[in-house]
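Encoded as structure tokens, the structure appears first; notes follow it.
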Amino acid sequence: MISETGYLLDNRQREAGRRFDALAELFDPWTLDHLDRLGLAAGWRCWEVGAGGPSVPTALAERVGPTGRVLVTDIDTSWLSDLSGLSGLSGPAAGPVEVRRHDVARDEPPGGGFDLVHARLVLVHLPDRAEALRRMAGAVAPGGLLVVEDADPALQPLACPDERGPAEELANRIRRGFRTLLAGRGVDLAFGRTLPALLRGAGLRDVRAEGFFPLTSPANRELEAATVRQLRGRLVADGLATDAEIERHLDQLRDNGMDVTTAPLITCWGRRPAR
């Protein structure tokens, strides 16, 4: 397979919306619980990096209120158009939201002084992830927080850890194909576990990290199905699966007895030292 660059799971593709919905169902409670415990409150200035879909920016706006601010950036803002310019996102108590097209690895940071900079499932896909992290850390105000959440597919690489039959074996083979495509795009399949050292290296203090591993749920199956449909052409073209195998896998994912998981999500946070 020829190595390529760029985001493998293009936001402009039809299945992106289904992926965003499944990711929100799986990970939003975990993400927002961490942000709440870290003190996210009214008046905070937040930068949501590579938002993709609207669920996390909406929740941030509700929490910071009209005295706060939420800047939402992504290379492709196709799924964020409903947020742009809205100051009453979920009612009069929500904060102002600005949507901006921005490449965190190449464009100048959008100012600084943020109380919270947050990115989920963004940096692992970027070839210039170290530069992106440096820019994000530099935008955090003294005393503010950087929260980075990213996958670690090498930590648990299987779609079905309980490989009890042909359906699970096929799911794991297709997942290996997905990981092959990711690696060919320069994705670091062990990136999640490196976040604590990276945040400390960026000058942050009190760095901590936790992992989330949803073993099975309808959202897991929906995320798997949407991802496989989105990558179907590439999997077949690279000889990683046949059309018949993919169709069979998609049929099996409709069975509630199919236990499919996703890569563990590592949530890491640190605080910029106060002056």
Scanning segment 120-150 for residues that are of a type in the set (Gly, Ala, Ser) and either within 17 Å of ARG272 (Cα to Cα) or modelled with pLDDT of 95 or more (or both) gives ALA132, ALA137, GLY138, ALA139, ALA141, GLY143, GLY144
Taking segment 45-57 and keeping only residues that are surrounded by fewer than 22 Cβ atoms within 10 Å (Cβ to Cβ) and modelled with pLDDT of 95 or more, one is left with ARG45
LEU223: passes all of (1) touching a helix residue (DSSP H, G or I) at 6+ places or on another chain (Cβ under 8 Å); (2) open to solvent by 40 Å² or more (accessible area, probe 1.4 Å); (3) under 30 Å from LEU40 (Cβ atoms) but (2)
Residue pairs qualifying under the 8 Å Cβ cut-off, at least six apart or on distinct chains, with the first in segment 21-37 being closer than 15 Å to LEU60 by Cβ and the second being among the small types (Gly, Ala, Ser), are ALA24/GLY53; ALA24/SER55; ASP28/SER55; ASP28/ALA59; LEU32/ALA59
>> For the structure I just gave you, tell me whether VAL99 is more than 25 Å from GLY270 (Cβ to Cβ), in a strand (DSSP E or B) and modelled with pLDDT of 90 or more.
In response: yes
A careful count of residues in segment 254-268 that are without any contact (Cβ under 8 Å) to a residue 40 or more places away in the chain and buried (at least 20 other Cβ atoms within 10 Å of the Cβ) gives 0
Given the condition free of Cβ contacts under 8 Å to residues at least 24 places away in the same chain, open to solvent by 40 Å² or more (accessible area, probe 1.4 Å) and in a loop (DSSP other than H, G, I, E, B), answer yes or no: does some residue in segment 121-131 qualify? yes
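Working carefully through the options GLY113, GLY203, GLY186, GLY143, find the one that is surrounded by 15 or more Cβ atoms within 10 Å (Cβ to Cβ) and in contact (Cβ under 8 Å) with a residue 60 or more places away in the chain. Spell out the reasoning first.
Working: GLY113 fails: surrounded by 15 or more Cβ atoms within 10 Å (Cβ to Cβ); GLY203 fails: surrounded by 15 or more Cβ atoms within 10 Å (Cβ to Cβ); GLY143 fails: surrounded by 15 or more Cβ atoms within 10 Å (Cβ to Cβ).
Every option except GLY186 fails the conditions.
Just to be sure, is VAL64 of a type in the set (Val, Ile, Thr) and over 29 Å from PRO218 (Cα atoms)?
yes
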In the set ARG271, ARG248, the lone residue that is in contact (Cβ under 8 Å) with a residue 40 or more places away in the chain and under 30 Å from GLY138 (Cα atoms) is ARG271
Check on THR242, crowded, with 20+ Cβ neighbours inside 10 Å and modelled with pLDDT of 95 or more: no
Filtering helices (runs of 4 or more DSSP H) wholly in segment 181-259 for at least 2 residues that are closer than 25 Å to ASP21 by Cα and β-branched (Val, Ile, Thr) gives 218-237
Residue set THR194, THR180; condition over 16 Å from LEU26 (Cβ atoms), of a type in the set (Ser, Thr, Tyr), open to solvent by 20 Å² or more (accessible area, probe 1.4 Å) and touching a residue at least 24 places away in the same chain (Cβ under 8 Å); output residue THR180
Listed by first then second residue, the pairs whose first member lies in segment 43-59 and is under 18 Å from GLU25 (Cα atoms) and in a loop (DSSP other than H, G, I, E, B), whose partner is open to solvent by 30 Å² or more (accessible area, probe 1.4 Å) and not β-branched (Val, Ile, Thr), with beta carbons under 6 Å and at least 6 positions apart or on separate chains, are GLY52/PHE20; GLY53/PHE20; GLY53/TRP79
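The values are calculated or read from the model by the stated rules, or taken from the named source; none is laboratory data. These figures come from a predicted structure and were not determined experimentally. Quick reminder, even Gly has a Cβ in these numbers, built from the backbone with ideal geometry, and neighbours come from all protein chains shown. The protein model used for the area step is the full one, side chains on, heavy atoms only, and it has no ligands, DNA or RNA in it. Shrake-Rupley method; radii C 1.70, N 1.55, O 1.52, S 1.80 Å.
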